[in-house]
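Let me begin by presenting the structure, written as structure tokens, before commenting on it.
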Amino acid sequence: MSSAEVPLVVEVEIEIPRGSCLKRGSSEKLDFLSPLPCLYNYGSVRAYIGGDGDYLDAVVLGPRLMRGARVHVPVRAAVGISERGIYEDKLICSDYAISQKDRRRVELFLRCYVRCKAWLNVMRGLSGPVHWEGWVEVENAMGRALPSPPSRSLGL
């Protein structure tokens, strides 16, 4: 994205606040307890469905946000992760332009996430690899996302 382009702004609902060890999914059900705190706010864009059939994932840089908070934040980048043959995008969102240092930290965090998710899947008896697919263009990630049905995005 060039500096002349205005970034897309999305509404992200925070599911895992920065510093939390409780991993909850969009259904609010506790998914697992992490031995390490989450380094970023993690949530979903409920207006879109990602490749895994759930809401589109988003990582929000910046200060800790409360679980359940809904924030409007610019999409600065996107990454791809595949799990057991299913590809999904994760949006990287921030109120400020992200630096190369931010990108390295996000990548390190998500590569660690991939390893932990692979281990968790083994513990759950789920087969198939989990892979970091790398950085992708925001436009391509949004092009793969599907609009949420109105009743789903309203939580009905």
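The numbers here are math on the coordinates, done by the rules we state, and not lab data. These figures come from a predicted structure and were not determined experimentally. Virtual Cβ from ideal backbone geometry, glycine too; neighbours counted across all protein chains shown.
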What's the longest bit of the chain with no exposed GluC sites (Glu not before Pro), using DSSP loop states and at most 12 other Cβ atoms within 10 Å as the test?
29-136
Length-normalised contact order for the range 75-147 - Cα pairs under 8 Å, 6+ apart - percent:
46 percent
Surrounding net charge for Ser82, when Lys and Arg each add one and Asp and Glu each subtract one, Cβ distance under 15 Å
-1
Between Asn121 and Ala47, Cβ-based FRET efficiency (R0 30 Å, step 0.05) works out to 0.60
Sorted largest first, the C-alpha extents of the range 41-97 along its principal axes in whole angstrom are 33, 24, 17
With the alpha-carbon atoms as the only input, what is the per residue convex hull volume for the range 1-150 in Å³?
111 Å³
Under 15 Å from the Glu5 label point (7 Å along Cα→beta-carbon), backbone N, the range 61-80
74-79
With +1 at each Lys and Arg Cβ and -1 at each Asp and Glu Cβ, the charge dipole magnitude of the range 64-150 around its Cα centre, to the nearest 20 debye, comes out at 460 debye
Treating only the Cβ of Lys, Arg, Asp and Glu as charged (+1, +1, -1, -1), what charge dipole size does the chain show about its Cα centre? Round to the nearest 20 debye.
580 debye
Kirkwood hydrodynamic radius over Cα pairs of the range 79-156, then Stokes diffusion coefficient at 20 °C and 1.002 mPa s, in µm²/s:
149 µm²/s
Size of charge dipole - the range 4-94 - debye, nearest 20, with Cβ of Lys, Arg +1 and Asp, Glu -1, no other charges:
360 debye
Please report the orientation-averaged projected area of the range 4-77, defined via the convex hull of its C-alpha atoms, in nm².
5.3 nm²
Along the charge dipole of the range 1-133, Cβ charges K/R +1 and D/E -1, which of Phe109, Trp132, Val79 sits furthest on the positive end?
Phe109
